[in-house]
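Report on the following structure.
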Amino acid sequence: MAAPTIDHTLDEILNLAASHFNVPREKLTPDADFFKTLGIDSLQVLDLLTRLEQHFRIELPDYELQGVSDFRTLANRIQARL
Amino acid sequence: MIDFRGQTLSWQIVNGTIELSLHHEACNEIGSRTLEELEKFAAALPPLTNGAHALIIHSTLKAGFSAGADLRELFQRSQGMDKAAALRGVRSFLERIHAVMNALDALPLTTIAAVHGVTFGGGFELALVCDIIIADRMARFCFPELRLGLIPGFGGIPRLKRDLGNAVVRDLLLTGRSFNVMKAQQIGLVSQIAAEGEALRIARATASQIGKFDKRTAAAAKKFVKPIPYEELKREIEIFCDLYSRPAVEEGLRKFVENEGAQPYLP
């Protein structure tokens, strides 16, 4: 099965984040800082990471997220493991 | 003491099961106050054990089971004192917490860690002393110590080596990465996966099942299958103290403590 496109992956991340953290989907953009737009801290980022791993059925080591704060880079990290 | 309500933890007996609840904000960081109360718990265990068939350790905090050792306290305690005194303090802390962990590990009751959320470092080590780990599907495990120039110091490596394959231990330890509950079950660490918020309920159901067994038989079976790696545990303290004395560790801890960014300082 072909891997989904990066746009599709990004869209799924934004949908999941909006749904779980109760933020209107239209407020989330690919280059937004997810700490700020979701209003989350470092522990909640681990929660997001776990949900993304479960959604995409991948393992994403947390060190790959060091310094990452925007959805587009996050999508690229995930895409590399699909 | 049949029940106790402390600043960092509490215990009570519910339906023949001792329930040790961790409730030290922000995420049950294990510092000197928690250690004192864990020692109090260990001292209370002989009479508690007589009236119970199982022990459940869990957290009442939303953030998770435990974020591990209180690194801020570890850093701050070393400030303003000479290196030798700081090292003596660290060694004393480790010896005391090892005594508690060893007592829990060898307890003649079946012990269950019901974990959720962050289960890192010393918190992970506390879960590892238990016979069975039941984890919420959002639990996350990690030994981040190498990222700060240390090794786990509360008995984690010898117990991981006892319970898991060495390749898995190397992966978890040498990368310092966190991993989710699916991975934890796949490698044999987690016994049962619970839906979000259900780990304690499932742990209680498991404890209830255990209560149907003859207590002396269960204790004999546990002793037979679960050796305590005392020599390696002592060696762990020596290695930790040897590493702790280096300037790189103080610098790593300083960056961690002083970091005000959204993500913790972890290289």
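Values in this text are rule-based calculations from the coordinates and carry no lab data. All figures in this text were calculated on a predicted structure; none of them were measured in a lab. Note: ideal-geometry Cβ built from the backbone for every residue, glycine included; neighbour counts use all protein chains shown.
So which trypsin sites (Lys or Arg not before Pro) in region B:54-144 pass both tests, a DSSP loop state and at most 16 other Cβ atoms within 10 Å of the Cβ?
Values: sites: B:Lys62, B:Arg72, B:Arg77, B:Lys83, B:Arg88, B:Arg91, B:Arg96, B:Arg137, B:Arg140; in loops: B:Lys62, B:Arg137.
Of the trypsin sites (Lys or Arg not before Pro), the ones in loops of region B:54-144 whose Cβ has at most 16 other Cβ atoms within 10 Å are B:Lys62.
Loop-only check: which GluC sites (Glu not before Pro) in region B:178-239 are DSSP coil with at most 11 other Cβ within 10 angstrom?
Working: sites: B:Glu196, B:Glu198, B:Glu231, B:Glu232, B:Glu236, B:Glu238; in loops: B:Glu196, B:Glu198.
Counting only loop positions with at most 11 other Cβ atoms within 10 Å, the GluC sites (Glu not before Pro) in region B:178-239 are B:Glu196.
Based only on other Cβ atoms within 10 Å, what is the fewest-to-most ordering of B:Ile134, A:Ile13, B:Ile202? Mind dumping the intermediate values first?
Values: B:Ile134 29, A:Ile13 24, B:Ile202 19.
Exposure proxy ranking, most exposed first: B:Ile202, A:Ile13, B:Ile134.
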Below 24 Å, Cα to Cα, which lysines can A:Lys27 reach? Residues fewer than 8 away in the same chain don't count. A:Lys36
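For a footprinting-style exposure proxy, rank B:Thr175, B:Thr206 by other Cβ within 10 Å, fewest first. Please list the in-between numbers first.
Working: B:Thr175 17, B:Thr206 20.
Arranged by neighbour count, lowest to highest, B:Thr175, B:Thr206 become B:Thr175, B:Thr206.
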In terms of modelled amide H atoms, which long-range or inter-chain residues lie less than 5 Å from the amide H of B:Val115? B:Ile134, B:Ala135, B:Asp136
Compute the long axis of helix B:199-210 from its Cα atoms, compare it with the longest principal axis of the Cα atoms of chain B, and write down the angle in degrees, 0 to 90, nearest 10. 50
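Percent relative contact order of chain B, based on C-alpha pairs within less than 8 angstrom and at least six residues apart? Working shown, then result.
Values: 476 pairs, mean separation 52.1, N = 267.
Relative contact order for chain B comes out at 20 percent.
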From the helices alone, meaning DSSP H stretches of at least four residues, give me the mean residue ellipticity at 222 nm for chain B, per-run term -39500 (n - 2.57), in deg cm²/dmol to the nearest 500. -15500 deg cm²/dmol
Test item: A:43-53 mean partner chain Cβ contacts at 10 Å: 5
Shape of region A:6-79, Cα gyration tensor, a/c cut at 1.5: rounded
In degrees, nearest 10, range 0 to 90: what is the angle between the Cα axis of helix B:166-175 and the longest Cα principal axis of chain B? 40
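Express the relative contact order of region A:6-79 as a whole percentage, based on alpha carbon pairs under 8 Å and six or more residues apart in sequence.
Working: 63 pairs, mean separation 30.3, N = 74.
Computed over region A:6-79, the figure is 41 percent.
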Show me, for region A:58-65, the HN-Hα J-couplings you get by feeding each phi into the Karplus relation (A = 6.51, B = -1.76, C = 1.60, θ = phi - 60°), rounded to Hz, glycine and proline as x. 10, 10, 10, x, 5, 5, 6, 9
Read phi for every residue in region B:81-98 and hand back ³J(HN,Hα) as whole Hz from Karplus 6.51 cos²θ - 1.76 cosθ + 1.60, θ = phi - 60°, with x for Gly and Pro. 9, 6, 4, 5, 5, 4, 5, 4, x, 5, 4, 4, 4, 5, 5, 5, 6, 4
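Hand me the GluC sites (Glu not before Pro) from region B:1-67 located in a DSSP loop with no more than 12 other Cβ atoms within 10 Å, in residue order please.
Values: sites: B:Glu19, B:Glu25, B:Glu29, B:Glu36, B:Glu37, B:Glu39; in loops: B:Glu25, B:Glu29.
Passing sites in region B:1-67 are B:Glu25.
For B:Lys222, B:Lys212, what's the fewest-to-most ordering of other Cβ within 10 Å of each Cβ? Don't skip to the end; give the middle numbers.
Numbers: B:Lys222 16, B:Lys212 8.
Exposure proxy ranking, most exposed first: B:Lys212, B:Lys222.
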Cα-based reach from B:Lys212 at 28 Å (exclusive), listing lysines while leaving out same-chain residues under 8 positions away: B:Lys222, B:Lys223, B:Lys226
